[in-house]
Amino acid sequence: MKNILLIVDMQNGFARYPQTIALTNKIKELLELNIFDSVVATRFSNDTNSIYEQLFGWKRLETEEERALAPGYEKYVDYIFDKYIYNCVNSNFLQKMCQINDGKYPEKIFIVGADTDCCVLTTATNLFENNIRPIVLTNYCDSNGGSDSHNAGLLCMKRLIGEKQLIDIEITANTNLEML
């Protein structure tokens, strides 16, 4: 089994608060360790008159500059999955994960990114519902909604996917991913 890292929505348009700017750098340091067999990133796109704009008045991530992955990520990412909703788990995504994993359904996928209470939460839940163990590396997640939103996302995930899937450690080059 390959160790797949899924980076959720680490894009220029989301890195606007101190916590997500710091998260961008922390995930880049994780990527520089080169300990994952494959790295997949999601890229959220918002369109004019989207449900986000209609219900929240949220008009960000409508430009290519905002949609771009964080600087320096591209050289580590094997595949970018574009999405227009909170989560990325659909038949196309699952098919790609099988291709990445030598034609086999992955047993687990490591997750990092933003926002813990929205896209990370729904993606982890959808992986779980598709019989893939989501391993959320909580030190590599945060929320533009602040610490209350981040912690709320973690609390919901404890109930939805189980506490053992939330890993709260600093990853190093010596971390044995098989043990997580």
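Nothing in this text is a laboratory measurement; each read-out follows from the coordinates by a stated rule. Predicted, not measured: the structure shown is a model, and the values here were computed from it. FYI the Cβ positions are ideal-geometry reconstructions off the backbone, even for glycines, and counts take in every protein chain you see.
In units of the rule-of-thumb radius 2.2 N^0.38 Å, region 1-78 shows an alpha carbon radius of gyration of 1.21. Among the trypsin sites (Lys or Arg not before Pro) within region 1-35, those in coil by DSSP and having at most 12 neighbouring Cβ atoms inside 10 Å are Arg16.
Applying the criteria of a DSSP loop state and at most 15 other Cβ atoms within 10 Å to the GluC sites (Glu not before Pro) of region 135-180 yields Glu170. Beyond 19 Å in Cα-Cα separation lie the following of the pairs Lys26/Lys104; Lys108/Lys164; Lys26/Lys75; Lys75/Lys104; Lys28/Lys75: Lys26/Lys104; Lys75/Lys104. Centroid-to-centroid, using Cα positions, region 38-54 and region 136-173 are 21 Å apart. Springs join every pair of Cα atoms under 10 Å in this Gaussian network model of the chain, and among Val112, Val120, Val89 the largest mean-square fluctuation is at Val89.
For the peptides 70-77, 153-160, residues were scored by their other Cβ atoms within 10 Å and the scores averaged per peptide; the highest-first order is 153-160, 70-77. Taking other residues whose beta carbon is less than 10 angstrom from the beta carbon of Cys119, and scoring Lys, Arg as +1 and Asp, Glu as -1, yields -2. In this entry, the chain is assigned a mean projected area of 9.7 nm², taken as a quarter of its C-alpha convex hull surface. Once the Cα atoms are used to define both axes, helix 18-32 deviates from the longest principal axis of the chain by about 30 degrees.
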